[in-house]
Amino acid sequence: MKINMNQWVEDIIRRKEITAIPVMTHPGIEMNGNTVREAVSNGRIHAEAVKRLTEAYPAVAACTIMDLTTEAEAFGAEIAFSDEAVPAVVGHMLKDVESINQLQIPSLHAGRIPQYLKANLLAAKSQERTANNQKPLFAGCIGPFSLAGRLYDMSGIMMLIYENPDAAHTLLAKCTQFIEKYCQALKQTGANGVLMAEPAAGLMSNDDCQNFSSAYVKYIINKVQDDNFIVILHNCGNTGQCTKAMVSTGAAAYHFGNKCRMEEVIKDVPPTALAMGNIDPVSVFKDGTPEQMRETVFDLLDKMKDYPNFVLSSGCDTPPHTPVENINAFFDALNEWNRG
């Protein structure tokens, strides 16, 4: 589905009303009576969950599953699956610098990559058949530093960038090469962009984030972002200390987690780029009440009222078993705010 995504971003910014793109697929999985394990393993079930949510809620874009294990699995990492929870990497497959040097970049036929490409292809075709064919679809991928952390171990990669930065850069270059290849394939499915999840970069200072994450993210963005395909850079680990490094990547949009103050980080985002966030996906979406959701949304919208490039969203992926009542309250509060 071809959409001029630069024009789409401009239209969002020009709109009088605040728009919303919560990052969520698990409610759609549950509405269709499927398990997490089924959705992350079967492209058709995955796409049907996206379709269900597109029909149920007035978000201005659709998102596929945020799965931070897919690329690691393709490299050979062991993954633990569950019917009730998101997949998780088991241990770490890289033990030392020699294992980094020997690491091979996988093909797009490895692991569940084909099922995720299938999911995006089917979801993109489904979006074309909706009444509003200008609602884009965002695929998902992991960021290079977060992928490196899942392959080498998170504490290990944090030590490696100081003890052996050359080895860290070798690993990051391999991760980046695969992610870029994957994003090019996602682009071919008809997706209109990708939400790149790079939460581990939020553990670093701005300078380290620049050197060990943003430089590689920027490379990918320069390769894949164009009029018809944009990158949303998500970093829910950022507390505000590395926003400048995030913005240096040139992404069309930036997605922030609930650890940061949205009214502060948005000051570093160019007015021509979207700034998205940041309702707590656990304490508000999953464990809160509709009344708490309304109050939280109103409070955030009040703080964001002077920023036309703000898009209301969850701070990260909404987890399994998020109550439908709280999702409804999220959109109801937004509608109430927009009505004035």
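Can you give the accessible area per residue of the chain, in Å², using a 1.4 Å probe?
40 Å²
When you count, for each residue, the other Cβ atoms within 10 Å and take the mean per peptide, how do 107-115, 36-44 rank with the highest first?
Descending mean neighbour count gives 36-44, 107-115.
For region 253-290 and region 175-216, what is the centre-to-centre distance using only Cα atoms, to the nearest Å?
19 Å
What do you get for the angle between helix 215-224 and the principal long axis of the chain? Use alpha-carbon atoms, 0 to 90 degrees, nearest ten.
70 degrees
Evaluate the relative contact order of the chain (contact order divided by residue number), counting alpha-carbon pairs under 8 angstrom at least 6 apart; express in whole percent.
Across the chain, relative contact order equals 20 percent.
Say the dipole of the chain comes from +1 at the beta carbon of Lys and Arg and -1 at that of Asp and Glu; which of Gly33, Asn120, Thr296 then lies farthest toward its positive end?
Checked the options; the winner is Asn120.
Kindly sort Glu48, Glu71, Glu78 by accessible area of their heavy atoms, largest first, with the probe set to 1.4 Å.
Accessible-area ranking of Glu48, Glu71, Glu78, largest first: Glu78, Glu48, Glu71.
Quick check on my link table: of Lys174/Lys223; Lys2/Lys51; Lys135/Lys244, which ones sit more than 24 Å apart, alpha carbon to alpha carbon?
In this structure, Lys135/Lys244 exceed 24 Å between Cα atoms.
Please report, in debye to the nearest 20, how large the charge dipole of the chain is about its Cα centre when each Lys and Arg carries +1 at its beta carbon and each Asp and Glu carries -1 there.
Charge dipole of the chain: 1000 debye, to the nearest 20.
Check the straight Cα-Cα distances from Lys218 and name the aspartates and glutamates below 14 Å, setting aside those fewer than 8 residues away within the same chain.
Glu180, Glu198, Asp226
In degrees from 0 to 90, rounded to the nearest 10, what is the angle of the helix 113-128 Cα long axis to the longest principal axis of the chain?
The angle comes out at about 20 degrees.
So, by mean Cβ neighbours within 10 angstrom, what's the order for 285-293, 118-126, 311-319, 92-100 with the highest one leading?
Peptide ranking by packing, descending: 311-319, 118-126, 285-293, 92-100.
With the contact rule set at Cα under 8 Å and sequence spacing of 6 or more, what percent relative contact order holds for region 113-185?
It rounds to 28 percent for region 113-185.
Express as a percent, rounded to the nearest 5, the fraction of DSSP beta bridges in region 200-340 (both residues included) that run antiparallel.
Counting only bridges with both partners in region 200-340, antiparallel ones make up about 10 percent.
Just to make sure I understand: if all protein chains stay in place, what is the order of Tyr219, Tyr162, Tyr307 by accessible area at 1.4 Å, largest first?
If we order Tyr219, Tyr162, Tyr307 from most to least accessible, we get Tyr162, Tyr219, Tyr307.
Rounded to the nearest 10 Å², what accessible area does Arg150 show when all protein chains are kept and the probe is 1.4 Å?
60 Å²
From Cα pairs below 8 angstrom and at least 6 apart in sequence, can you work out the relative contact order of region 169-238, rounded to a whole percent?
In percent, rounded to a whole number, it is 48.
Using Stokes-Einstein with the Kirkwood hydrodynamic radius over Cα pairs, what translational diffusion coefficient do you get for region 223-312 at 25 °C and a viscosity of 0.890 mPa s, in µm²/s rounded to a whole number?
179 µm²/s
For region 4-109, with only Lys/Arg (+1) and Asp/Glu (-1) charged at the beta-carbon, what is the dipole magnitude about the Cα centre, in debye rounded to 20?
With Lys and Arg at +1 and Asp and Glu at -1, about 420 debye.
The values are calculated or read from the model by the stated rules, or taken from the named source; none is laboratory data. Predicted model only: the values in this text are computed from it and were never measured. Note that each Cβ is placed from the backbone with ideal geometry, even for glycine, and that neighbours are counted across all protein chains shown. Heads up: the accessible areas ignore ligands, DNA and RNA and are worked out on the full protein's heavy atoms, side chains in. Shrake-Rupley method; radii C 1.70, N 1.55, O 1.52, S 1.80 Å.
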